[in-house]
Amino acid sequence: MILLALESTLLYEHLQPALKGSWASQILNQFFHHPWNGLHFWDLVQPTFMFVAGVALVFSMKKFRQTMSWNQSFLKILKRCSWLFFWGVLDYAVRGDKLSFELWDVLTQLSFTTLVAFLIMEWTVPAQLVVSGLCLLIPELLYRYMHIPGFDQPFVDQHNFGNYIDLILMNKINSGGWVAINCISTSAHTIWGVLAGKLLLSDKTASQKMKYLLLTGLLFLFLGFGLDWSHITPIIKRIATSSFVLASGGYCLVFLAICYWWIDIKKHRNHLLFFNLFALNSIFIYLFNEIVGDRWFTGYILTITNGIFGIIQIPSMIAAILGSLVVFALECGLLYFLYRRKIFFKL
């Protein structure tokens, strides 16, 4: 969420001309999505979000089931997923001066993956792994074997099965290559998050938990990159190919293992308030940046800072970067205000 908040301030875009031609530009490039076949650091943000949502679901359900039946829990999760879907659609609802219906937002995707993960979370571990495998296999088969004229090239932008489904659902194709049926394959991320959450709550030793997280993560990385390097299935984030989901899921497991080791095993729990500000109001700051920030707040503040920095003759490139940092500081201040007032937005 911190990385997404920084993106919303246009910081990465403002840094591009400043770092152009330097070694640092290669690092900055990792903060933008890969154009098609490949994997950048930025491509891991959404998978991590959906994976962590699965981890959090386990902790939430542990609390729910103490006072609720399964049916009551299901209704609560169904309500949450409905709100996620609503806000996801609303996020993309205004395009210029007209309304638009789009299903590419991460919240829309998450509404589907959360429901799938919840419905099977009481199943055995092997059964949940089988379902996650089917989430990868079904889209793979549809992309490869649904020979629809004009959309029969599995891994070609604008000519694949996902684009065809978008035409049916929304009567449009995303110019960036994103597709709505990503929610099927990325359901595996949330299912794996549920399994990881159950592992963390289990009575296994800390070393055993680390072992399972790391070995499974490394296995997924091997499978994901192996499929890509062997030219079987390319890693493409924009259509969430099976190789991409496996590789990104592997990174998610390794990230979780590192955080678990640093915070829970080594007890480095100080100085986490900054991160908690974003974690405790993650949905709020995401929607704030997407709806308010993108359409008004960021531009308004940048206009003010550019004017002030212009008066004191700070170079425009530096002024733009400083302006982004001012926007980010104001967002942090807003989150701190909510934290101090114990105001937490939940779905």
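The values are calculated or read from the model by the stated rules, or taken from the named source; none is laboratory data. Computed from a predicted structure; not experimentally measured. Cβ atoms come from the backbone with ideal geometry, glycine included; neighbour counts cover every protein chain shown. All accessible areas refer to the heavy atoms of the entire protein, side chains included, with ligands and DNA or RNA removed. Shrake-Rupley method; radii C 1.70, N 1.55, O 1.52, S 1.80 Å.
One residue stands out in the stretch 2-30 among those that are open to solvent by 50 Å² or more (accessible area, probe 1.4 Å) and in a loop (DSSP other than H, G, I, E, B): the one that is farthest from residue 305 (Cα to Cα), namely 23. Taken residue by residue, the stretch 221-231 has no member that is hydroxyl-bearing (Ser, Thr, Tyr) and within 22 Å of the chain's Cα centre (by Cα).
A quick yes/no check of all residues on (1) buried (at least 22 other Cβ atoms within 10 Å of the Cβ); (2) of a type outside the set (A, V, I, L, M, F, W, C); (3) at pLDDT 95 or above; (4) in contact with a helix residue (DSSP H, G or I) (Cβ under 8 Å, 6 or more places away or on another chain):
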position: 111; (1), (2), (3), (4): yes, yes, yes, yes
position: 117; (1), (2), (3), (4): yes, no, yes, yes
position: 120; (1), (2), (3), (4): no, no, yes, yes
position: 126; (1), (2), (3), (4): no, yes, yes, no
position: 135; (1), (2), (3), (4): yes, no, yes, yes
position: 139; (1), (2), (3), (4): yes, yes, yes, yes
position: 143; (1), (2), (3), (4): yes, yes, yes, yes
position: 151; (1), (2), (3), (4): no, no, yes, yes
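Residue-level analysis places residue 46 among those that are among the polar types (S, T, N, Q) and either in contact (Cβ under 8 Å) with a residue 60 or more places away in the chain or closer than 28 Å to residue 254 by Cβ (or both). Screening the candidates 158, 153, 109 for the property of being out of contact with any Phe, Trp or Tyr (no Cβ under 8 Å at 6 or more places or on another chain) and within 30 Å of residue 72 (Cβ to Cβ) yields one hit, 109. For beta carbons closer than 7 Å, sequence separation of 6+ or different chains, a first residue in the stretch 258-283 that is of a type in the set (D, E, K, R) and a second that is surrounded by 12 or more Cβ atoms within 10 Å (Cβ to Cβ), the qualifying pairs are 269/263.
I need the full set of residues from the stretch 266-302 which are farther than 25 Å from residue 320 by Cα and of a type in the set (S, T, N, Q), in order please. Those that are farther than 25 Å from residue 320 by Cα and of a type in the set (S, T, N, Q): 270, 276, 281, 282. Pick from 94, 106, 89: which is surrounded by 12 or more Cβ atoms within 10 Å (Cβ to Cβ) and under 24 Å from residue 131 (Cβ atoms)? Just one listed residue meets the conditions, 106. Of all residues in the stretch 31-55, those that are closer than 23 Å to residue 193 by Cβ and in a helix (DSSP H, G or I) total 15. For the stretch 227-253, the set of residues classified as open to solvent by less than 30 Å² (accessible area, probe 1.4 Å), in a helix (DSSP H, G or I) and of a type in the set (A, V, I, L, M, F, W, C) consists of 239, 244, 245, 246, 247, 252, 253, listed by residue number.
Based on this model, can you work out whether residue 40 counts as touching a Lys or Arg at 6+ places or on another chain (Cβ under 7 Å) and closer than 29 Å to residue 295 by Cα?
Judged against the criteria, residue 40 is not a match.
A search for C-beta distances below 7 Å between a residue of the stretch 119-142 that is among the charged types (D, E, K, R) and any residue that is outside any helix (DSSP H, G or I) and surrounded by 17 or more Cβ atoms within 10 Å (Cβ to Cβ), counting only pairs 6+ apart in sequence or on different chains, returns 140/233.
Checked against (1) open to solvent by 50 Å² or more (accessible area, probe 1.4 Å); (2) under 17 Å from the mean Cα position of the chain (by Cα); (3) more than 18 Å from residue 235 (Cα to Cα), residue 57 passes all but condition (1).
Would you call residue 345 among the aromatic types (Phe, Trp, Tyr), crowded, with 16+ Cβ neighbours inside 10 Å and modelled with pLDDT under 95? So residue 345 fails the test. The residues in the stretch 24-58 that are more than 22 Å from residue 158 (Cα to Cα) and not aromatic (Phe, Trp, Tyr) can be counted, and the count is 19.
In the stretch 255-281, the qualifying residues are those that are outside any helix (DSSP H, G or I) and open to solvent by less than 80 Å² (accessible area, probe 1.4 Å), and the one that is farthest from residue 189 (Cα to Cα) is 268.
Residues satisfying the criterion are absent from the stretch 167-189 (criterion: in a helix (DSSP H, G or I), surrounded by fewer than 23 Cβ atoms within 10 Å (Cβ to Cβ) and of a type in the set (D, E, K, R)). Would you check if there is a residue in the stretch 325-342 being closer than 17 Å to residue 13 by Cβ, in a helix (DSSP H, G or I) and open to solvent by 70 Å² or more (accessible area, probe 1.4 Å)? Yes, because at least one residue in the stretch 325-342 is closer than 17 Å to residue 13 by Cβ, in a helix (DSSP H, G or I) and open to solvent by 70 Å² or more (accessible area, probe 1.4 Å).
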